[in-house]
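The values are calculated or read from the model by the stated rules, or taken from the named source; none is laboratory data. Here the structure is a predicted model, which means the values were calculated and not measured. All Cβ positions, glycine included, derive from the backbone under ideal geometry; neighbour counts span all protein chains shown. For accessibility, only protein heavy atoms count, side chains too; no ligands or nucleic acids. Shrake-Rupley method; radii C 1.70, N 1.55, O 1.52, S 1.80 Å.
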Amino acid sequence: MTIVSNYSKQQAITSTNLNIIYNDSDRCDLVKIDPWKNALKQLDDAAKILKLDPGVRDILATPKKVLTVGLPVKMDNGKIKVFTGYRSQHNDFRGPHKGGIRYHPDVTIEEVKALSMWMTWKCAIVDIPLGGGKGGIICDPKRMSAGEKERMTRRYAYAISEIIGPGKDVPAPDVYTTGKEMAQIMDVYSVLHGQGEPAVITGKPLSVGGSLARNVATGLGVAYCVREGAKKIGLKLKGAKVVIQGYGNAGTFSAEYLEKMGAKTIAVSDSKGSIINPKGLDSKKVLEYKNKHGSVVGYPGSKKISTEQLLTTPCDVLVPAALENQITPNIAKKIKCKIIAEAANGPTTPEADEILFKKGIMVIPDILANSGGVCISYLEWVQNLQRYYWTFNEVAGKMEEHIVRGFNDTYNLAKKHKVDMRKGSMVLAVSRVLDSFNARGLWP
Ligand code: NAD
């Protein structure tokens, strides 16, 4: 069955195969492959390698709690609109649940569950004492006023307030949510609990307990991973060509820090389209252009290309930093790069993974590549709990240690089991969660 994203439902004009639908804005929307099934397949691959007990596998395959909430919001036209939101808490053997909140028309309960499971593994890989969680609201934030978004956010905070908290579940920003929403959620929680509680949520503005380096964390972490990966395959980063899909927070800082390491960004995209300049794009100037004009499309000196062209442009490093299921088997067959660093969550389908592995492309999996965000979220939470704050370099340095160790542990396990780095990272993550389970035991 083919399901087209809400954004393009009215616009789909032609379908080339079962996987891709193009719309008239020249952006391709891929079939919504159930991310929950992807997540379970990845768990089962690791379970097979680790010869996991079936009962323990079932514990890990079942989120601890999934809450669905109805959110009545008074819109600017005076009418009430009820939004649906979710919060999935996958596993907390290693510590409180941790994971972002996303606003998007395509949010589904399966997606939120999958993202919460990936957070469990991600925290384990970089060895931080937190578990997996994720939240989302089905909404179109681009068509809502600031007031409507704030009323929806505050209602969501109220609806999930009983299951979140510094020792229970600590949310963070994700697609189309920012520090602004995090501060609003912290405010609601603090009002309900009669005291200011910054440690309930991370990704906050500095003025309410946010951490330095948080805004650059994911992109900086991606750059650290690419640097470590380049060392392993003997790729010189100086002059290496980089392509970025999704020019938001994760994508722009990946480009900026890779450029600082000597690489050259040649193509980028956002939800309105993709652009290329083989001579190189200045990532900061592209961002300025996007902020002024609403899209990277039209950036002076660049040429507009399709999403498929962007993903299959010959380059050294490809950074998918948009949404899930962007690299399908059809795209994977045509990809010409040396390293794929998954800034986005779940951008590669399992079938595409196998193709990329056979082609010898190093795929640095999402749960490792984009773990900079959660590393600094963790460090923000620690700073909030101890009410003592570190400098940018202290925070970035602590993050680098976690990521470099996570990268090497993953790489070594992948080599040992002769599997790709996604399976290597899953084996690492599942065995670390298992260690906690074995130490704690099953109650009663
Ligand atoms: P963001 O909202 O800042 O940016 C998303 C970008 O993707 C926007 O520029 C948007 O225009 C673009 N986009 C949307 N649909 C697209 C499409 N079909 N094709 C091309 N571009 C498209 O979000 P973000 O925080 O940068 O998150 C991006 C991805 O990274 C998500 O998968 C998110 O889960 C993951 N991630 C982000 C962080 C973080 O700290 N920001 C941490 C971990 C993972």
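Selection within the stretch 175-198: residues that are within 21 Å of the chain's Cα centre (by Cα) and surrounded by fewer than 23 Cβ atoms within 10 Å (Cβ to Cβ). The member of this set that is modelled with the lowest pLDDT is 175. Residue 214 passes every criterion in (1) touching a residue at least 40 places away in the same chain (Cβ under 8 Å); (2) in a helix (DSSP H, G or I) apart from (2).
Here residue 261 meets the list (1) in contact with a strand residue (DSSP E or B) (Cβ under 8 Å, 6 or more places away or on another chain); (2) away from the ligand (no atom under 16 Å from the Cβ); (3) at negative phi almost entirely, failing just condition (1). Residues in the stretch 145-155 that are open to solvent by less than 50 Å² (accessible area, probe 1.4 Å) and more than 23 Å from the chain's Cα centre (by Cα): 145, 147, 148.
Please verify whether residue 412 is modelled with pLDDT of 95 or more, in contact with a Gly (Cβ under 9 Å, 6 or more places away or on another chain) and open to solvent by 40 Å² or more (accessible area, probe 1.4 Å), treating the condition exactly as stated. Spelling it out, residue 412 is indeed modelled with pLDDT of 95 or more, in contact with a Gly (Cβ under 9 Å, 6 or more places away or on another chain) and open to solvent by 40 Å² or more (accessible area, probe 1.4 Å). Residue pairs whose Cβ atoms lie under 6 Å apart, sitting 6 or more positions apart in sequence or on different chains, and linking a residue in the stretch 269-281 that is over 19 Å from residue 317 (Cβ atoms) and of a type outside the set (A, V, I, L, M) to a partner that is more than 11 Å from the ligand (Cβ to nearest atom) and open to solvent by 30 Å² or more (accessible area, probe 1.4 Å), are 273/304. Set side by side, the residues 128, 109, 49, 138 differ, and just one is over 24 Å from the mean Cα position of the chain (by Cα) and not hydroxyl-bearing (Ser, Thr, Tyr), which is 49.
Annotation note: of 122, 113, the sole residue that is farther than 25 Å from residue 214 by Cβ, within 16 Å of the ligand (Cβ to nearest atom), surrounded by 19 or more Cβ atoms within 10 Å (Cβ to Cβ) and not polar (S, T, N, Q) is 113.
Give me the residue from the stretch 221-251 that is open to solvent by less than 10 Å² (accessible area, probe 1.4 Å) and part of a helix (DSSP H, G or I) and, out of that set, nearest to residue 406 (Cα to Cα). The extreme case among them is 225. Among the residues of the stretch 156-174, how many are open to solvent by 30 Å² or more (accessible area, probe 1.4 Å) and either at pLDDT below 95 or within 11 Å of the ligand (Cβ to nearest atom) (or both)? Matching residues across the stretch 156-174 total 2.
Taking residue 268, is it more than 13 Å from the ligand (Cβ to nearest atom), crowded, with 19+ Cβ neighbours inside 10 Å, among the hydrophobic types (A, V, I, L, M, F, W, C) and not in a loop (DSSP other than H, G, I, E, B)?
The answer is no for residue 268.
From the list 286, 297, the lone residue that is open to solvent by less than 50 Å² (accessible area, probe 1.4 Å), within 13 Å of the ligand (Cβ to nearest atom), assigned to a loop (DSSP other than H, G, I, E, B) and out of contact with any Cys (no Cβ under 7 Å at 6 or more places or on another chain) is 297. Counting only residues that are more than 16 Å from residue 321 (Cβ to Cβ) and basic (Lys, Arg), the stretch 268-283 holds 1 of them.
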